[in-house]
Structures are given as C-alpha cells and as structure tokens.
Amino acid sequence: MYLSTGLEQLQEYLPLLLPLIIVELVLMITALVHVLRHNSYRFGNKVMWAIIVVVIQIFGPVVYFVLGRGDE
Amino acid sequence: MKAYIAFTKKEWLESIRTYRFFILLAVFFIIGIMNPITAKITPELLSSLATEGITITIPEPTAMDSWLQFYKNVPQMGLIVLVIMFSGGMTGECSKGTFVNMVTKGLKRSTIILSKFTMSVCMWTISLALCFMISTYYTAYYWNIDGLEQILQSVACLWLFGVFLIAILLLMGAIVRSNYACLLLVGGVVVTLFLINMVPRLQEFNPIRLTSGNMSLITSEMAIADFVYSISITIILTVLSLLGAIMVFNKKKL
C-alpha cells in the first residue's frame, strides 16, 4: 500500500525532478572534468575540490568555478 | 562601432570560456524548477511532520504559491549569483593588465564599459527568460493559472532591477581595484536602498520596489502605474551609473 502510493507520488513529481537531476549531474560532471584536468587552483588541492564538487550538490560546482578555478 | 562589436564578441567568448554563462544558465534553470517544487512539496512536508494530536490544516497549493517562490528565489539567490558572477569583470582585467594593450592601440575606454554592459545585460536577460519560462511551464502544468494578471509586467520590473545592479557593478568596478571591494560596495548600495525603504514616503521612489512589489502586481493589488516613479528613478540611476563609470574609468590609471 505504502509502496504504491510512493510510486504514484514519484510519478507525479517526475517531470519536475528529472530535469533537476539532469542539470545537477551536468554541473557536477563539467566541474569534475575541469578539476581533474587542471592543476592550478586559487586555493586547496585536487582531492579537496573533487570531493566538494561531487558531494555538495549545485553549490559545490558553482563555488569551484567562481572561487576555486585557477587562471591558466 | 567596429571596436564595440569586436570587444563585445571578446566579452562573449570570455564568459563562455570562464564558464560564467554556463553557471548562470544552470543556476537560473535550477531556480526555475525549484519554484513549483517548493510550492508543491511544502504542504506535504508539513503534513508528514504532523504527529498524533496535532492537526495542521494547510491550504492546497496554488499557482500563486509558485509565483511567490519565484519572487522570493530570483531576487535572493538569482541576483546574488548574478552580482558575484559579474563582480570580477572590471577589476579582474584591470589587475591582470589586459586593458593596457587595447587602450594603447586606440580602443576607447567608454567602449569597454558599454560592451561590458551590453554583454552582461544580454546574459541576465537570457537567464531570467529561461528561469521565467521554466517556472511558467511547470506552474501551468500543475495548476490553473487563469486570473493571474500582469505577470509579464512584474518580471519586467525584476529585469530592470537586475540591469540597474549591473550598471552599479560597472561603476564600482571602475572606482575600486579589488574584486571584493567591488562586491562590498554593491552590497552597500543595496543595503542603503533597503534602509531608505524604511521611510514610507520614499518607498514609491525606491528601486527596491521593483523587486518587492512584484506579488502585488500579480494579485492586481497594484497597477503598473504605481511603479512609474520607481521605474523612472531606476532608469535614471542606471544611466547615471554608466556615465559615472565611463568618467571614472577615463581618469583611471590602468
């Protein structure tokens, strides 16, 4: 009973959640690729930024691109 | 004119290569989706919190709640991200010294300011339009949006405030040399506007009204005519900031 209502609810929210998840993933992957490919950061190191970008949704990648990305 | 187009193109390339445009789009996309989600999920969250003995009666969410979220999230999160993204535009290039070459080769300093303004406004417009379209689409998907009027006008007010902020950013960027000082000064201007807003007689003329009065436009409590003073003052301040930015920048040592 509980499971079926859960599925129905999921179905109701899916059109909203799906694009949200996709955008979050795109942000995360672009940031992660950038972190792994570049070696200079304004502060911190590669491992720290990789964890921040993957663990913290939305804000992690934004913070990395605004504050952490070093100049080439 | 040729220099203007070339420099605007350079600005465009720069915002793509530094991921600035990408982040703006992503953030505004997320805000656009978050508005209907928050409006829809909040009552269910609250009712799941209700334990035995407590009855919480929550009205069914409506399209109005979704717009309420829109005018809460965009001025807060959206504008903050916008200001942070563009705060380094002037000061960064000054400190890196990339202006020197172009100015000595004959690029007018006013062109730099105007191109930067054009490109920033373009990006702000595209981001806000994206956010607005997504929010409208999902709001219409879940609720009936009949009877809500003046939505476009209220978004236009919000847009104008964003343009005003960009002009202030350019002015402050021309005055100071540090990125953080620029952010601080822009924050100072906004705080001052909020302080002025505490005087009831001045509220009508305050640019802040463009971001705080949006809901009363949608509920038809106010008409766009009530915003005329605020809109004109904002436009005048925007033009003055741009002129000021050009004047200050002309005298600045690069």
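The values are calculated or read from the model by the stated rules, or taken from the named source; none is laboratory data. What you see is a predicted model, and the numbers here were worked out from it, not measured in a lab. Don't worry about glycine lacking a Cβ; one is built from the backbone with ideal geometry, like all the others, and counts go over all protein chains shown. Surface areas here come from the heavy atoms of the whole protein model, side chains and all, with no ligands, DNA or RNA. Shrake-Rupley method; radii C 1.70, N 1.55, O 1.52, S 1.80 Å.
Structural remarks
- The lone exception for residue B:70 - which of (1) open to solvent by 30 Å² or more (accessible area, probe 1.4 Å); (2) in contact (Cβ under 8 Å) with a residue 40 or more places away in the chain it fails: (1)
- Odd one out for residue A:37 among (1) under 25 Å from residue B:96 (Cβ atoms); (2) in contact with an Asp or Glu (Cβ under 9 Å, 6 or more places away or on another chain): (2)
- Filtered residues of segment B:212-225 (kept if exposed (fewer than 15 other Cβ atoms within 10 Å of the Cβ), without any contact (Cβ under 8 Å) to a residue 40 or more places away in the chain and part of a helix (DSSP H, G or I)): B:225
- Within segment B:5-19, one or more residues are acidic (Asp, Glu), away from chain A (no Cβ under 14 Å) and either assigned to a loop (DSSP other than H, G, I, E, B) or closer than 25 Å to residue B:164 by Cβ (or both).
- Residues being at pLDDT below 90 and either more than 13 Å from chain A (Cβ to nearest Cβ) or open to solvent by 50 Å² or more (accessible area, probe 1.4 Å) (or both) - total across segment B:20-37: 1
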